[in-house]
Amino acid sequence: MGTEAAASAVDLLRSQIPFQTDGELVLPPRGVGLVLVDLCNGFCTVGAGNLAPVAPNKQVEKMVAEASRLSKLFCDRNWPIFAFLDTHYPDKPEPPYPPHCIIGTGEENFVPDLEWLEKEPNVTIKRKSCIDGYISCIEKDGSSIFSDWVGKYQIKTVLVLGICTDICVLDFASSTLAARNIDRVPPLQDVVIYSEGCATYDLPVEVATNIKGALAHPQDLMHHIGLYMAKGRGAKVVDRVVVEP
């Protein structure tokens, strides 16, 4: 599918399943936490692995830039950040995906622009071994690292950025909203997804048809669908994030 045809397909989809964003999020001085989903080499750095971009990608680059900008803003104010990093053992596959973010490969680590977060005292890092970050935080005794984080900092709003919009970001948002609805993450009220701070991977149909078992995954289409599905689950979707004056 050529560029013009792809753009037409996206426009058609948006006309059939439109949604209104919630505009901008004005960050209050307290009660908000930043959640970063899988800003790791294996998903974001060109050529870093089976699920990494094969060439520079504007949507991914914009996501990394916005994640860096907002992370610096949060750290400058000592506001809480919770960062997921997809991390797997070589003997535990994650169907239907090929091996990715295997421990020791470097794929499982922060992209270069965010490596500095490892030394920040306000950052909680959770290495997750499954798609759904919320589920990955549940311990064998039933406790939850994420729920504890929300409670510790009395977070009422989580601002979510990351990759992939329609997979890990969507699953985390959906589970967190379901948990909120049954009072599992007090005092959380809102899950806000920043559209410009999210991205997904690109596997055009003309490429997927030549890969056995592959599902086509056109980037702009699936990004829109991911945001649409999150909105339908009760998340807020914003296209701008600013600081309260």
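Descriptive notes on the structure:
- Within the stretch 56-111, if we keep just the residues that are among the β-branched types (Val, Ile, Thr) and more than 26 Å from residue 221 (Cα to Cα), the residue that is surrounded by the fewest Cβ atoms within 10 Å (Cβ to Cβ) turns out to be 103.
- Scan of the stretch 79-108 for residues that are touching a helix residue (DSSP H, G or I) at 6+ places or on another chain (Cβ under 7 Å), within 14 Å of residue 51 (Cα to Cα) and either in a loop (DSSP other than H, G, I, E, B) or free of Cβ contacts under 8 Å to residues at least 60 places away in the same chain (or both), ordered by number: 100, 101, 106, 107, 108
- Here the stretch 120-159 is the region considered, the condition is being among the basic types (Lys, Arg) and either free of Cβ contacts under 8 Å to residues at least 24 places away in the same chain or not in a loop (DSSP other than H, G, I, E, B) (or both), and the residue that is surrounded by the fewest Cβ atoms within 10 Å (Cβ to Cβ) is 140.
- Checked against the criterion of being of a type in the set (Asp, Glu), in a loop (DSSP other than H, G, I, E, B), at pLDDT 95 or above and open to solvent by 60 Å² or more (accessible area, probe 1.4 Å), the candidates 183, 166 yield just one match: 183.
- Within the stretch 6-55, the set of residues being in a helix (DSSP H, G or I), open to solvent by less than 20 Å² (accessible area, probe 1.4 Å) and more than 22 Å from residue 123 (Cα to Cα) comprises 10 only.
The values are calculated or read from the model by the stated rules, or taken from the named source; none is laboratory data. Being a predicted model, the structure only gives us computed values, none of them experimental. Don't worry about glycine lacking a Cβ; one is built from the backbone with ideal geometry, like all the others, and counts go over all protein chains shown. Keep in mind that these areas ignore ligands, DNA and RNA; they rest on the heavy atoms of the full protein, side chains included. Shrake-Rupley method; radii C 1.70, N 1.55, O 1.52, S 1.80 Å.
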